[in-house]
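Coordinate-derived values only; no laboratory data. Remember, predicted model here, so these are calculated numbers, not experimental data. Here the Cβ is made from the backbone with ideal geometry for all residues, glycine too, and neighbour counts use every protein chain on show.
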Amino acid sequence: GKGGGKGKGKGGGKGKRGKDGTPQRRRELASVVGEVLRGAGETESTHPRDQVRRKKAKGGAVGPPQSRRQVRKTRRKEQKERRAYFFGDGRRKQELPDKKGRKKRKSAGGEGDDEEGEAEADRRPKKVALSRAAKRRRRDDDDEITSEEDGAAPKRKLGKARAEGNEAEAAEESANEAGGDEEEEEAEEEDEDAEESEEEVDAGGDDEQGAAESAAARGGERAGAATGSAYLPPHLRAAARAKAGPATSTTIASLQRQLRGTMNRVTEGNLDPSAREMTAALSKLVPEVGSVSAGNMFLTILLPAAVADPNVSVLVLGCYVALAVAAHMVFGAAFGAAALVHAGKMLSQKLSLAEVSHEATGDDARVTRNCVTFVALLFSFGVLPGSTVFDMVRFIFDNGLVSEVRIELALTVLRYAGRGLRSDYPEDFKEMLAFVTTTATNARGSGVAPEGSDARTRVEYLLRELQDLKNNKVSFAALDRFEALRTWLKSSHSLAGRKISDHQLVVPFKFLDEEAPADWPLGASAASGGQTGASASRQRARGAAVSGSEALRAQAMAQRLSTDLRQNLFIALMGAEDFEHAADRLTSVSSSAKVGVTEACLIIFHCAVREKVPNPYYEHVAATLCGRPAPWGKRFSHSMKRAAVQHLQQAHTYGLRATVALAELCAALIASPDVALQLSAVRFVRFGETEAARAATGAAGKAPGGALGLLLRHLLESLLRRLPDAEAAAKAFEPLSRYEDVCEGMMLVFDGLVRPRLPSRKEAPDLWQKVLVARKKLASAKQSAD
């Protein structure tokens, strides 16, 4: 029908239509929406849709629908406004009036307004042409920005120019962004008239100026916060540090944490990496706070890590001492002084607590022993003078106090510092022995250590140790475990070849009895000048004397031992306390080179033949080396035989003393079951020299004379005295039976040189029995050859 239905009536649509041509359902929906809008506070006069409807009803022109280009322009305008809002840190720019409004104002303003607009356009920034890639990046940024909520004011990094606080670059970048958008609009609006294009450029200029102002303000804010927690580019950090002045407490705390982590990881296996980390951290800390403050900070970290654990291994403790020595040599005497002072304070505190607890094996007593070991190793490595160790011993037995804890501390001092005191500071060593002996004797007689008590047992043991020290019967084997640390201190790249002897700390006060001077250690030389008496004279004598190892190295160079290996072997042999210590040192040095074993044996013969009288020290060292477990014992035995042959070949060039010393050493090696040098080695002696000498003197057919005659005579006499019985003599002379000419020569030596010097048979029947057995072996070998 007319009103509705699905037919093709006048309505032509679905449902009934009213008088205004609106379907019934749409009217109903509009009424509902109107009620909702009125409930929200809007009226028909303010809502755009109602205005359009009223305009239609009045017959007014609504205008054609917007094209796609206009829609895109509108969308870009909204994006531009949002970008200005984003970069303006929450300050939304005022919305620009639409084109129509500007046109009306422009036309109403007249010529004056046109002139002002042109002047304002000249003041606006120029547009900068962008490439397609730049435009694409700008478009992607726009998409990212518009995806944020309008009211949230999101944060975003503005690029390198804004992060550095460069206002000019930030303004230029913002202007480029706005200019790029305007260029895109112009490319799409080429068919528009010149007036509309000009107005678009004006609008773009306004946007450029606003974005530049907001970026400049933002750049100033970031430049002001650059020295805080914000990111600062590397090329601006130096200027920021110079402007900020000294290092902050945060930087110092960070370096302390780094040092603490390094010290907590110190072991024997990572000593060198720990030293490098320590050097790197202290290199930053010392310039900021000074060497004295840095030394105190470092020792407050190192010392507890080294000695606070009662169960710490002595080798790990030695690693901490080596690090303290390295810091002392690299960064100055302030670190060695801090190590001595801090160790003394902890020793004093822990000793008082150990005395109160009366536990010789308690935690406080063991920590006290660690402190004593720390100071003793500082002396053993060469940082502290000997007077410091003596002062520590006086403090341990202060006022004659004797207890198990104090006796154990004294034994620790002797164990780790006794060898160095005896070799380098004999005067202090004698004074210390006398002081400890007197104190222990008085404690035994005064009743402080009653008979049967543990204290009395420790006192008796201390007195025996002191007596062995006086008689040179103590082997300081405990110090051999630190040879690797001494080697590291000499060869570490972190120390750059520095010598500990050149950095010994001067201690001008009594350790643990007097306070350190205010200007110590920087003014130690001035303070030491005020000393008087025996102590000052000892200090001057020690300062003028050359260290023991350097003196031995000088002797080695004077004896034409040119290589470092031979010099080190010479120092290890001649600087040892006894033959066992020498064997350990020679083994340690020999293991560092492929030819170390061969060179060690040659050095033993080299030193033996230069003695004024034969010294049994060298034969004991050789026997100890060859008696070591395989494979080292076999290597030394083989190399010792080769060294003996080399020297026997050159025996005709030796003097009297060298010939006798060589004969004694060879006889000892033949008699030793560990070395097992065969007597047949005499076949390498150059008897041609002997025959020439005999022909020149007309003594043909007689026993050889000269150096070789002396060598063979002394060799046979010494060998016969060393062999235990006739059976051993027969076994020793058995290898000669294979060499007829050697047997003939040895029989001449027996009959012409050895036999006239023997005592009577009644006085030495055993010796004569060995002589007869030996000559019989030689005679039987000659007869079998005939």
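Might you report the magnitude of the Cβ-based charge dipole of region 350-410 about its Cα centre, with Lys and Arg at +1 and Asp and Glu at -1, to the nearest 20 debye?
In total the dipole reaches around 200 debye.
Stretch residue 499-residue 239 to full length: gain in nm at 0.36 nm per residue minus the Cα-Cα span? Numbers along the way, then the final one.
Values: separation 260, 0.36 × 260 = 93.60 nm, distance 3.90 nm.
Extra length from residue 499 to residue 239 when fully extended: 89.7 nm.
In region 598-689, what trypsin sites (Lys or Arg not before Pro) fall in a loop by DSSP, with at most 10 other Cβ atoms inside 10 Å?
Passing sites in region 598-689 are 612.
How many nm separate the modelled label positions at residue 361 and residue 313, each set 7 Å beyond the Cα in the direction of the Cβ?
Those two pseudo-labels are separated by 2.2 nm.
Shape call for region 371-494 from the C-alpha gyration tensor, a ≥ b ≥ c root eigenvalues: rounded (a/c under 1.5), prolate (a/b greater than b/c) or oblate?
Cα axes put region 371-494 in the prolate bin.
Stretch residue 293-residue 676 to full length: gain in nm at 0.36 nm per residue minus the Cα-Cα span? Intermediate values should be presented prior to the final figure.
Values: separation 383, 0.36 × 383 = 137.88 nm, distance 6.22 nm.
Additional length available on full extension: 131.7 nm.
Can you compute 3J(HN,Hα) from phi for each residue in region 637-652, using the Karplus curve 6.51 cos²θ - 1.76 cosθ + 1.60 with θ = phi - 60°, rounded to whole Hz and x for Gly and Pro?
Ordered by residue, 3J(HN,Hα) equals 5, 5, 5, 5, 5, 5, 5, 4, 5, 4, 6, 5, 5, 9, 5, 5 Hz.
Can you tell me the mean projection area, over all orientations, of the convex hull of region 425-526's alpha carbons? Units nm², please.
10.3 nm²
In 5 Å bins starting at zero, report the fraction of Cα pairs in region 283-363 per bin as a rounded %.
Histogramming region 283-363 at 5 Å steps yields 3, 14, 22, 22, 17, 11, 6, 3, 2, 0 percent.
Could you check the simple spin-label distance between residue 75 and residue 744, using points 7 Å along Cα→Cβ, in nm with one decimal?
12.3 nm
What residue among 469, 420, 379 has its Cα farthest toward the positive end of the dipole of region 372-473, where the charges are +1 on Lys, Arg and -1 on Asp, Glu, each on the Cβ?
469
Please list, in chain and number order, the residues 5+ apart from residue 723 or on another chain whose amide H is under 5 Å from its amide H, with Hs placed from the backbone.
Here nothing satisfies the definition.
Less than 15 Å from a label point 7 Å out along the Cα-to-Cβ axis of residue 769: which backbone N atoms in region 729-755 qualify, by residue?
Inside the label zone: 729-731.
Can you list the HN-Hα couplings for region 416-424, worked out from phi with the Karplus curve (6.51, -1.76, 1.60; θ = phi - 60°), rounded to whole Hz and with x for Gly and Pro?
9, 10, x, 5, x, 5, 5, 8, 9
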